[in-house]
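Heads up: the structure comes next, in structure tokens.
The values are calculated or read from the model by the stated rules, or taken from the named source; none is laboratory data. Since the structure is predicted, the reported quantities are computational estimates derived from the model, not experimental observations. Note that we place each Cβ from the backbone using ideal geometry, even for glycine, and neighbour counts take in every protein chain shown. Quick note on the areas: whole protein, heavy atoms, side chains included, nothing else; ligands and nucleic acids left out. Shrake-Rupley method; radii C 1.70, N 1.55, O 1.52, S 1.80 Å.
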Amino acid sequence: MPSFSTIKQSPLAGPLFMLLSACFFTGMNVLLKQAMTEFRVWDIGFYRFFGGLVLLTVFFGRRGNPFRSSQTRLLVARGCTGSIAFIFFILSVRLLPVSTALMLLYAFPAFAALFSAGLYREKVSLFGWVCLITVLIGVALLVAPSSGGESLGYAAGMLSAIFAGLTMAIIRQLKQTNGSVIIYLYFCLVGSAVTAPFFLQAPVLPLSFNQVLVCAGIILTSIAGQLLMNHGFGYCRSWEGGLYMTSEALFTAFAGIALFRDPVGWHFFGGGTLILGSAIAIQVEQALRGRPPAVIPEERPDGRLHKKGQSPS
């Protein structure tokens, strides 16, 4: 059986970490939908963020100050954008079928390309712009005529995609000099600060055994999924990571149809195909353009990173 160090050196390391991350996030999505009937958006957000903050601090704080980084401002910014994306995603899952909410969220690779171009000067080709327009057409097709709460759900789904795209662009930059743990730690720290005031106004506590299991499951699956995703970005470029992570939308769509009887029709299949197809196409197109391979950072015992061939300081 291959060791973990052998897997890390394999060219399949990036896809493996990303696909495992997608599986854990699928489990989290299913648990989120189950929790909606008994918990508010702020309750679920706080349990995820604060639970992750406590567990990561307990396990990794023994090595020293787990919050120490030379990119504190960027880490806080990633925490803000990621927290906003997650809160909007929870709201969309509450108001829409979980499969539809995930399809909307997975418009994020197109927005990630735009943010990468604006913030980090990564060029977006004409084909990339066509893919972005196709994503928006897919969203318009997926959003069937609706009223009341559902309209808010569609809006929340789109906002979650926009902020998730910005988050992906920031994570790729952070991964060059920061470990997976500290990136997620700041996400949990900022998320806890954002959700705590609303949670404390009228907290809904898990009282039954099933409620405790659901809340614990959300915390553990989110930690596993996030750390695997952050670590995977050290082995692939941002567009590659987004390509592999689109599998989460497919896994969750199947789970939503099987477990929650999510309604499916030509709007769902047509819009979902355009969104996922464009998200995949924009990333494959960048691969065919012959981008240079990503530099794989090596994680140090203190949680920071240095690049291969570079002296750790």
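Candidates are the residues of region 166-189 that are touching a helix residue (DSSP H, G or I) at 6+ places or on another chain (Cβ under 9 Å) and open to solvent by 20 Å² or more (accessible area, probe 1.4 Å); the one that is modelled with the highest pLDDT is 189. Kindly check whether there is at least one residue in region 213-236 that is surrounded by fewer than 15 Cβ atoms within 10 Å (Cβ to Cβ) and more than 15 Å from the chain's Cα centre (by Cα). Yes, some residue in region 213-236 is surrounded by fewer than 15 Cβ atoms within 10 Å (Cβ to Cβ) and more than 15 Å from the chain's Cα centre (by Cα). Restricting region 246-259 to residues that are farther than 18 Å from residue 161 by Cβ and modelled with pLDDT under 85 leaves a set whose member that is least open to solvent (accessible area, probe 1.4 Å) is 257.
Remark: pairs (first residue in region 42-56, within 11 Å of residue 193 (Cα to Cα); second residue open to solvent by less than 10 Å² (accessible area, probe 1.4 Å) and of a type in the set (Val, Ile, Thr); Cβ separation under 9 Å; 6+ apart in sequence or on different chains) = 45/90; 45/195; 46/195; 49/195; 50/195.
Can you run down the residue pairs with Cβ atoms below 7 Å, 6 or more apart or on separate chains, where the first is in region 19-34 and more than 18 Å from residue 92 (Cβ to Cβ) and open to solvent by 40 Å² or more (accessible area, probe 1.4 Å) and the partner is among the aliphatic types (A, V, I, L, M) and part of a helix (DSSP H, G or I)? Close Cβ pairs (under 7 Å, with a partner that is among the aliphatic types (A, V, I, L, M) and part of a helix (DSSP H, G or I)) amount to 20/228; 24/224; 24/228. Looking only at region 56-72, decide whether some residue is surrounded by fewer than 15 Cβ atoms within 10 Å (Cβ to Cβ), touching a helix residue (DSSP H, G or I) at 6+ places or on another chain (Cβ under 9 Å) and at pLDDT 90 or above. Yes, because at least one residue in region 56-72 is surrounded by fewer than 15 Cβ atoms within 10 Å (Cβ to Cβ), touching a helix residue (DSSP H, G or I) at 6+ places or on another chain (Cβ under 9 Å) and at pLDDT 90 or above.
Scanning region 190-212 for residues that are open to solvent by less than 50 Å² (accessible area, probe 1.4 Å) and under 23 Å from residue 81 (Cβ atoms), we see that the one that is nearest to the chain's Cα centre (by Cα) is 191.
With respect to residue 59, determine if the residue is in contact (Cβ under 8 Å) with a residue 12 or more places away in the chain and among the aromatic types (Phe, Trp, Tyr). When the stated conditions are applied, residue 59 does not pass them.
Within region 92-134, work out how many residues are of a type in the set (Phe, Trp, Tyr), open to solvent by 10 Å² or more (accessible area, probe 1.4 Å) and either in contact with a Pro (Cβ under 9 Å, 6 or more places away or on another chain) or in a loop (DSSP other than H, G, I, E, B) (or both). Total satisfying the criteria: 0.
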